[in-house]
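Report on the structure given below.
The values are calculated or read from the model by the stated rules, or taken from the named source; none is laboratory data. The structure presented is a predicted model; accordingly, all values stated were derived computationally and were not measured. Positions of Cβ are backbone-derived with ideal geometry, glycine not excepted, and every protein chain shown enters the neighbour counts. Just so you know, the surface numbers come from the protein's heavy atoms only, side chains and all, with ligands and any DNA or RNA stripped out. Shrake-Rupley method; radii C 1.70, N 1.55, O 1.52, S 1.80 Å.
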Amino acid sequence: MVMKLADRPPQLTLDNYREILVRLPTKDVLRCGTICMEWRSITTNPAFLADHARRQEADQVLLYKYLHRQFPSNDRWVIVDIVLEALHVSGDEARRQRLIHYPNKTRDWLLIASSYGVLLFRKGEGLYLLCNPLTRKWADLPRLTVALRRDKIIQDKEYAFYFHQPSNEYRLLCRLTMPVPLHGHLHWPPHQVSGSDQTSMVVFDMRLETFTEMAGPPTTTGTLVKLFDMDGLLVGADFGKEDHIDLWFLESYGKAGRWELRHQVAIPSGPYNASIILGPLDLLSVAAAGNSHGNVMLGSTYGLVVYNVKTRQIVKTINTLVTTDNNDVVVSRHMFRANLVQHPHFAMRPSAELPFVHF
């Protein structure tokens, strides 16, 4: 039987194009939106953008890159600009992406949180701004009231920043240490239960906005555990050991959940550990992140390790973060998740800092 080709190829409908475009990486979606009016109408539709955002993983580790300039008058190197870059959990440096480039105008201008593609900066006491580097939108937050700014807890350098779905708002929760979002809850790193090898975690329901408590990994080094989300599972990386990192996985999320020690990742010799025992403050510049392909990125500025939980092997080591061009690269504790949704807050309160920022 001889089959004949159709005289004309089948025509794709707008729904067909939408199903293709929604599966593309963020950068490709932005490019496709410039090809024709039909594709632009698809890629700017709020329902499409929300669907595309839901498909994205928080699988990129944010890096600080401090750019120096030498001034002949005093022969000193001075930090003049800061670049934020995103490194994929797989360790593929070809996919390393520059997000924004901004001047080091003040030490108070600090990235303190990242949630669903929106970055939260603190630029002074009680002063905050939001940025979505992919949509290139910025906005100032209303300044905290004097009464709140005088409250001691506001002086802490870490915050919980989350998206509140019922109100369609991004919200800032002031509390010690940075939490991990999963299953509609924020999870703070575990604290050690006095006199035991048990730990406990504070959990916050982002919809109901209530606090509860959950059991953490059973370890004696709970203050050195860094939590992360890996394909819908809560994972704790215990950095309290000298020669390896324990990976604890939470089975059966909720009150019936139990922690399992599934992997012990050996720390390579050399600059990765240098026999240094980490302290709780060191976790501010330590990466622990995973993706749906089984890759887990662990480490710091001195070296990153990519371990695959499916093959139980270290698949890559990255030691190129320490540069010789006087530009320092520092691993942050923040993750980035692509999001092209246009939030109404950005249109209402534009930021005066926008002319100084380069995307």
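In region 106-116, the count of residues that are open to solvent by 10 Å² or more (accessible area, probe 1.4 Å), at pLDDT below 80, touching an Asp or Glu at 6+ places or on another chain (Cβ under 8 Å) and among the polar types (S, T, N, Q) is zero. Would you check which residues across region 23-44 are within 16 Å of Gln342 (Cα to Cα) and either modelled with pLDDT under 90 or not in a helix (DSSP H, G or I) (or both) and list them? Within region 23-44, Thr26, Lys27, Leu30, Gly33, Thr44 qualify. With respect to the conditions (1) under 23 Å from Ala113 (Cα atoms); (2) buried (at least 16 other Cβ atoms within 10 Å of the Cβ); (3) not hydroxyl-bearing (Ser, Thr, Tyr), Glu213 lacks only one, and its number is (2). When Ala47, Ala53, Ala58 are screened for being under 19 Å from Val341 (Cβ atoms), at pLDDT 85 or above and surrounded by 13 or more Cβ atoms within 10 Å (Cβ to Cβ), only Ala53 passes.
When Ala352, Ala338 are screened for being open to solvent by less than 80 Å² (accessible area, probe 1.4 Å) and modelled with pLDDT of 75 or more, only Ala338 passes. For region 1-19, the candidate set comprises residues that are over 20 Å from Leu134 (Cβ atoms) and either acidic (Asp, Glu) or at pLDDT 85 or above (or both); within that set, the residue that is surrounded by the most Cβ atoms within 10 Å (Cβ to Cβ) is Tyr17.
One residue stands out among those in region 187-208 that are among the hydrophobic types (A, V, I, L, M, F, W, C), assigned to a loop (DSSP other than H, G, I, E, B) and free of Cβ contacts under 8 Å to residues at least 40 places away in the same chain: the one that is most open to solvent (accessible area, probe 1.4 Å), which is Leu208. Please go through region 251-305 and give me each residue that is acidic (Asp, Glu) and modelled with pLDDT of 85 or more, ordered by number. Matches in region 251-305: Glu251, Glu260. Scanning region 222-232 turns up no residue that is among the hydroxyl-bearing types (Ser, Thr, Tyr), within 23 Å of His334 (Cβ to Cβ), open to solvent by less than 60 Å² (accessible area, probe 1.4 Å) and in contact (Cβ under 8 Å) with a residue 12 or more places away in the chain.
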